[in-house]
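Read-outs throughout are calculated quantities, based only on the coordinates presented, and are distinct from any laboratory measurement. Remember, predicted model here, so these are calculated numbers, not experimental data. Note that we place each Cβ from the backbone using ideal geometry, even for glycine, and neighbour counts take in every protein chain shown.
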Amino acid sequence: MKTRINEFAFKLANANGTGSASANSLIMQAIFRMGIPVAGKNLFPSNIQGLPTWYEIRVNKQGHTARTATFDLMVAMNAETYARDIKEVPPGGWVLYDSSWPLTLSMLRDDVTFLGVPFAKMCAEAFTQARERTLMKNIMYAGTLAALLDMDMQIIDVMLKEKFGKKPALMESNKKAIVLGYDYAKKHFECPLPIRLEKMNATADSILIDGNTATALGCLYAGVTVAAWYPITPSTGVLDAFTAFCAKYRTDKKTGERSYCILQAEDELAAVGMIIGAAWNGARAFTSTSGPGISLMNELIGLAYYAEIPIVIVDVQRVGPSTGMPTRTQQGDLMTCAYASHGDTKHVILLPANPAECFYFAQNAFDIAERLQTPVFILTDLDIGMNDWVVPRLKWDDSFKPNRGRVLTAAELEALPKYYRYSPEDELGVAARTLPGVHAKGAFFTRGSGHNKLGCYTEIPDEYQEVMDRLTRKHAAAKTIVPPAIIERHEAATFGVVTIGGCDLAVREAMEQLRHLGLFGDFMRVRAFPFGEDVEEFLQSHSTIFVVEQNRDAQLKSLLTLETRVSKEKLRSVIAYGGFPLQAKQVVDIVVPHLRQDVAQEAGQ
Amino acid sequence: MSYIKKPAVRHPSLQANALGLTVRDYEGAMSTLCAGCGHDSVTAAIVRAFHELDTPPHLIAKLSGIGCSSKTPTYFVSGAHGFNSAHGRMPAIVSGAAAANRELTYIGVSGDGDSLSIGLGQMAHAIRRNVNMLYVIENNGVYGLTKGQFSASADVGSKSKKGEANTQSPIDPIMLALSIGATFVARSFSGDKAALVPILKAGIRHKGLALVDVLSPCVTFNDHEGSTKSYTHTRKHQLPVIEADFVPRRSPIETSQAPGTVQTVTMHDGSVVRLHKVAADYDPTDREKAWSFLHARAAAGDIPVGLLYIDEKGTEMHAGNKTVAQPLSQVPFEQLCPGSAALEALQQHYR
């Protein structure tokens with residue numbers, strides 16, 4: 001087989017709860033440190049121990065790190081899934097398996113190379129404790145892969161030191177296992193394989209981080225002091241990371257006093273209630289959840305919208321409806337977040353595509369929420385939130401001052417003849433708010449019941465509508481302050497592609513593949529709702545537009561139809577909603593026949 | 001409801017408190033509840049309590065859910081910040097508000113529908129969290145705004161206005177609160193302001209969640225014969241267990257009571273609650289004994305009233321969190337944002 005350097009993918013099949021995750025991320029991190037663009041996708045079950053789990057690693061020197069469709073090498077470590085894992089390998093590929101026990105004959109194929117290593121046997125000989133024998137098998141296959149793929153052993157050495165430097169016994173066992181796996185491969189196979197790694201310099205100014213951690217970091221840097229949440233996969237990592245960051249950066253070293261308060265609520269209804277209370281009282285506050293939590297929060301999201309309280313809700317989307325598939329990814333909450341709650345409501349949504357944007361958008365979300373005095377959603381998904389991504393190093397400008405929006409100070413209140421909560425409004429449709437306890441003149445009654453522009457209870461139609469109309473103006477004004485769409489045009493473009501969030505990489509890769517087929521298109525990734533004029537303009541300037549997203553009902557396409565001037569006939573849906581991250585192939589396979597059909601039709605006319 | 005607004009004339013007999021404010025300065029908008037509603041008496045008691053405690057009105061945050069009871073924050077302390085939120089959700093909103101600013105005085109007003117049905121979970125968890133607040137339940141056993149359905153506090157056998165008897169066992173907020181670690185539990189009657197005011201004052205000063213269940217008859221839907229939440233029934237069956245006097249800090253404490261019948265509890269700010277035992281052997285600082293006594297008396301059909309349990313050593317939410325003394329909403333951004341150097345250093349861990 002032809003040698004392929006830094007351009008291949010492999011998949012690791014394990015059983016959940018056996019400790020494979022740390023070995024897999026070690027492999028991924030080592031490749032990252034070799035300077036090679038890499039992506040890891042953890043396809044895991046909703047289970048603590050026993051069910052099958054896969055980890056996919058794609059290495060691509062051109063920087064294509066979306067999920068790929070084919071895996072050159074299968075590391076088959078779970079006998080329960082041997083049959084389907086071996087079947088998945090393309091002709092000419094490799095299967096690395098534990099040869100402590102023979103493979104069932106029916107599974108054998110003559111178009112792939114089987115590399116058997118007696119991992120379990122070697123572990124049984126090298127280690128005495130049962131738990132160690134299970135765990136070290138993983139690190140041992142990492143050693144074998146290092147030999148097969150030509151990983152830099154010095155880098156692995158340094159990583160082990162960083163990880164186990166303070167635990168010499170663990171360090172010893174891990175080292176031993178790595179070397180055993182490495183030496184076995186060197187002795188029994190021709191190393192390296194034709195698919196192999198070679199040092200590059202493409203990741204020096206990058207970091208390897210998951211979106212949940214980056215989101216938490218953005219909230220920390222935004223100056224959040226109150227967070228409330230209820231544990232739910234896949235968003236739990238946001239609060240885990242936020243808690244760890246706060247412990248590190250917001251706890252007085254001497255006194256142990258904390259300049260933050262994290263409330264683990266009894267449910268999502270309470271979680272959103274808590275951040276509403278905190279934001280009403282002047283703290284920057286957020287909650288983090290997933291689809292089922294959004295469903296529960298709906299009632300109070302309407303309260304925050306109507307009473308104009310600036311909260312930030314992070315929704316790390318998973319596959320729904322109902323419990324759905326909690327450990328799989330989707331973009332299915334777009335519609336429910338755009339119009340969350342009963343009655344007339346419309347919300348601001350930020351749509352990051354990767355962990356770097358999670359950081360910047362999270363930080364920005366609080367400024368937007370406070371300037372507009374309204375809930376702001378950050379919609380990520382399980383793929384962005386829980387997988388490690390290579391992204392440019394995060395930057396922070398120390399001159400940054402948060403924009404807290406219109407909040408009257410004691411002195412300003414003192415100078416006012418009389419304060420009214422909901423008037424006068426500024427150019428964004430926003431009226432000044434006051435914080436409890438600041439000044440006697442600032443006291444008013446916040447209510448979710450009908451109120452007029454002075455903040456007084458009302459049931460009078462005109463007075464009610466006057467306030468609702470201002471909220472419409474406010475939502476429209478959001479277009480001017482949310483992140484603009486990313487638009488990339490090609491001079492020979494004959495069609496447009498619109499996408500959202502984590503589809504970004506797969507769509508870009510697909511468009512490159514289309515260009516190789518002579519099909520040129522313009523690219524747009526929307527990064528917020530409401531849609532700005534840039535989005536309108538892009539939609540107007542194309543007669544054929546593919547809308548790529550990960551949900552069954554083409555929610556982005558629907559939202560574009562409802563909330564822009566685009567005519568519905570122009571839009572064509574490209575959807576994938578099975579729960580795994582999008583692949584370029586899925587886009588190409590749908591787009592190409594459409595375009596070819598168009599060409600054929602034109603020729604026929 | 002009263003149609004005539006009281007004139008804003010200051011009667012010479014109105015006493016000013018330490019802030020120079022009279023009781024009128026602690027009143028709110030005119031009540032829109034039914035004439036004779038027990039809730040209006042509770043409102044009047046709240047007005048008195050805050051006035052007598054010299055609390056600056058704008059440092060009070062008054063919050064509520066939905067229902068007749070939840071309308072009442074409009075009727076007291078118009079100089080306070082108010083938040084009329086959603087049905088059953090007041091406890092979460094107060095929790096978050098208190099998290100953001102620990103310096104304000106929080107009062108949450110709720111009802112038996114708001115706290116014992118739709119918001120039971122939120123009430124229970126606010127108690128567990130021990131949020132520093134006064135939590136008043138105006139308890140009348142019935143849904144007023146939707147016209148007369150039984151609430152979760154209706155007693156078995158109690159009859160609705162239409163004559164139908166309740167068959168489901170009631171939720172008693174006092175027993176529930178005691179069983180989940182509440183640190184201040186009281187029951188009072190809207191018809192007995194003399195007993196209610198000192199309880200409210202002690203509750204406001206209590207460091208932690210002070211639950212005050214006030215039996216507050218609904219004159220329109222639940223004040224008939226056969227109802228166990230009527231004025232007549234409550235007057236007849238209430239059993240004073242322990243009467244509380246609230247003695248603010250620095251006031252002389254009179255000791256005319258016979259020893260053994262008065263128990264004093266010193267509060268965090270130095271104020272003192274003096275508890276006059278009406279029932280012999282009742283100890284409002286012993287959770288197990290109090291629970292057993294109250295359980296037995298309730299089973300016998302009595303309605304024990306008084307400051308039934310107090311524990312000044314409980315861990316309030318911010319104490320548990322080790323929060324800085326300064327309100328979180330006032331910590332300067334410079335102290336909250338770790339800055340670019342820290343971000344740079346941190347990112348070495350993501351290499």
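Summed over qualifying helices (DSSP H, 4 residues or more, each -39500 (n - 2.57)) and divided by its residue number, the protein assembly as shown shows a 222 nm mean residue ellipticity of -11000 deg cm²/dmol.
Just how large is the dipole of chain B about the Cα centre, in debye to the nearest 20, putting +1 at every Lys and Arg Cβ and -1 at every Asp and Glu Cβ? Before the final figure, lay out the partial values.
Working: 33 positive and 30 negative charges, 93 e Å.
In debye, rounded to 20, chain B gives about 440.
Loop-located trypsin sites (Lys or Arg not before Pro) in segment A:512-580 (DSSP state not H, G, I, E or B) with no more than 16 neighbouring Cβ atoms inside 10 Å: A:552, A:565. Which one, A:507, A:28, B:180, projects farthest toward the positive side of the charge dipole computed for the protein assembly as shown from Cβ point charges (K/R +1, D/E -1)? It is B:180, whose Cα lies furthest towards the positive end.
How many Cβ atoms of partner chains, on average, are near each residue of A:395-404 if near means within 10 Å of its Cβ? Let's see the in-between values first.
Values: counts 4, 8, 2, 6, 1, 4, 3, 3, 0, 1.
That works out to 3 on average.
Our summary gives segment B:23-334 a relative contact order of 17 percent, counting only alpha carbon pairs under 8 angstrom and 6 or more residues apart. Put a plus charge on the Cβ of each Lys and Arg, a minus charge on the Cβ of each Asp and Glu, and nothing anywhere else: the dipole of segment A:449-490 about its Cα centre is then about 320 debye. For segment B:23-334, DSSP calls about 40 percent of its internal beta bridges antiparallel. Taken about its Cα centre, chain A carries a charge dipole of roughly 1400 debye when the Cβ of each Lys and Arg holds +1 and the Cβ of each Asp and Glu holds -1. Approximating the spin labels as points 7 Å out from Cα along Cα→Cβ, the residue A:172-to-residue A:399 distance works out to 5.6 nm.
Placing unit charges on the Cβ atoms of the charged side chains and taking the dipole of segment B:23-334 about its Cα centre, the candidate lying farthest along the positive direction among B:319, B:73, B:204 is B:73. Model label sites at residue A:481 and residue A:568, defined 7 Å from Cα along the beta-carbon direction, differ in position by 3.4 nm.
Which whole number of Å³ per residue matches the convex hull of the alpha-carbon atoms in the protein assembly as shown?
Numbers: hull volume 211.4 nm³, N = 956.
Hull volume over Cα atoms, normalised by residue count, gives 221 Å³.
With a Förster radius of 41 Å, plug the Cβ-Cβ distance of residue A:80 and residue B:344 into 1/(1 + (r/R0)^6) and report the FRET value to the nearest 0.05. Step by step, r from the Cβ atoms, then E = 0.35.
Loop only by DSSP, 14 or fewer other Cβ within 10 Å of the Cβ. Give me the GluC sites (Glu not before Pro) in segment A:365-452 that pass, ordered by residue number. Before the final figure, lay out each step's value.
On the way: sites: A:370, A:412, A:414, A:425, A:427; in loops: A:427.
Those satisfying the criteria are A:427.
Compared with the dominant principal axis of the Cα atoms in chain A, helix A:236-249 is inclined by about 80°. Each peptide among B:103-114, A:93-104 gets the average number of other Cβ atoms lying within 10 Å of its residues, and from highest to lowest they stand as B:103-114, A:93-104.
Multiplying the residue separation of residue A:489 and residue A:537 by 0.36 nm and removing their Cα-Cα distance gives an extension gain of 16.0 nm. Any idea how far the Cα center of segment A:311-331 sits from the one of segment A:504-538, in Å? If you average the Cα positions of each part, the centres end up 24 Å apart.
For the protein assembly as shown, what proportion of DSSP beta bridges, expressed in % and rounded to the nearest 5, is antiparallel?
35
Near residue A:261, within a Cβ-to-Cβ distance under 15 Å, what is the net charge of the other residues, with Lys and Arg +1 and Asp and Glu -1?
On the way: positive: A:250, A:258, A:284, B:102, B:129, B:322; negative: A:252, A:257, B:103, B:316.
Net local charge, residue A:261 excluded: +2.
Here each label is just a point 7 Å from Cα along the line to Cβ, and for residue A:589 and residue A:420 those points are 6.1 nm apart. For chain A, averaging the sequence separation of C-alpha pairs within contact (under 8 Å, six or more residues apart) and dividing by the residue count gives a relative contact order of 12 percent.
Against chain B, whose longest principal axis comes from its Cα atoms, helix B:287-299 is set at around 30 degrees.
Exceedance of the 30 Å cut-off in Cα-Cα distance is limited, within the set B:159/B:277; B:201/B:313; B:229/B:277; A:401/A:557; A:161/A:186, to B:159/B:277; A:401/A:557. Relative contact order for segment A:209-392: 30 percent, from Cα pairs under 8 Å spaced at least 6 residues apart, divided by residue count. Here's the picture: charge each Lys and Arg Cβ at +1 and each Asp and Glu Cβ at -1 in the protein assembly as shown, and of A:546, B:332, A:76 the one pushed furthest to the positive end of that dipole is B:332. To the nearest ten degrees, helix B:90-100 and the longest principal axis of the Cα atoms of chain B are 30 degrees apart.
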